[in-house]
Amino acid sequence: MFDLDACVGFITNRAGKKLANEFNERLLTVGITRVQWIALYYLGKHNELNQKELAELMDIKESSVARLIDRMEKEGYVLRKKDISDRRVTILLLTEKGIDYREKLMPEGEKMAQVFTEGISDEELEIFLRVIDKMLSNVK
């Protein structure tokens with residue numbers, strides 16, 4: 001008989017939510033949400049992205065990215081500009097303030113990664129990542 005508490009999908013979903021909530025709580029103490037931090041991360045990593053690309057990287061809806069960027073633009077962290085080759089596309093860039101803020105906040109990700117992997121060997125982590133990758137491949 002099916003046991004939800006032993007279902008890998010349910011267990012990973014529940015664990016992911018707990019990890020995300022813990023990271024969000026830590027970030028709130030430094031004045032940013034987890035979702036904003038992720039946007040800063042990807043915008044800094046790729047230098048410029050359009051809204052669709054950012055939504056795909058963050059695995060959220062484009063409309064959610066638009067609202068997120070509205071807030072971040074008001075705070076002075078992100079700049080929108082039209083793509084010269086296609087005026088329908090909006091390019092997102094970090095401002096100098098956004099770049100500085102990102103640099104200040106990136107260590108928070110490293111701190112949480114250390115908390116999440118405490119007591120886990122490199123070999124165990126590698127196996128875990130391979131298994132997760134296989135699970136994701138199974139649902140594609």
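The values are calculated or read from the model by the stated rules, or taken from the named source; none is laboratory data. Values in this document were obtained by computation on a predicted structure and should not be read as measured data. Here the Cβ is made from the backbone with ideal geometry for all residues, glycine too, and neighbour counts use every protein chain on show.
Of all residues in region 73-81, one or more are among the aromatic types (Phe, Trp, Tyr) and crowded, with 18+ Cβ neighbours inside 10 Å. Looking across region 104-119, the residues that are in contact (Cβ under 8 Å) with a residue 24 or more places away in the chain and over 20 Å from Lys18 (Cα atoms) come down to Leu105, Met106. Under 7 Å between Cβ atoms, which residue pairs at least 6 apart in sequence (or on different chains) link something in region 120-136 that is more than 21 Å from Cys7 (Cβ to Cβ) with a partner that is surrounded by 10 or more Cβ atoms within 10 Å (Cβ to Cβ)? Within 7 Å, the pairs are Leu125/Thr117. Taking the conditions (1) within 28 Å of Leu68 (Cα to Cα); (2) surrounded by 10 or more Cβ atoms within 10 Å (Cβ to Cβ); (3) of a type outside the set (A, V, I, L, M) in turn, Lys140 satisfies each one other than (2).
Against the definition (in contact with a Lys or Arg (Cβ under 8 Å, 6 or more places away or on another chain), in a helix (DSSP H, G or I) and of a type in the set (Gly, Ala, Ser)), how does Ala15 come out, yes or no? So Ala15 does not fit the description; no. The single condition from (1) under 22 Å from Met112 (Cα atoms); (2) modelled with pLDDT under 95; (3) touching a strand residue (DSSP E or B) at 6+ places or on another chain (Cβ under 8 Å); (4) of a type outside the set (Val, Ile, Thr) that Gly31 fails is (3). Sub-8 Å Cβ pairs linking a first residue in region 1-25 that is within 16 Å of Gln114 (Cα to Cα) to a second residue that is surrounded by 11 or more Cβ atoms within 10 Å (Cβ to Cβ) and polar (S, T, N, Q), at least 6 apart or interchain, are Asn24/Thr33, ordered by first then second residue.
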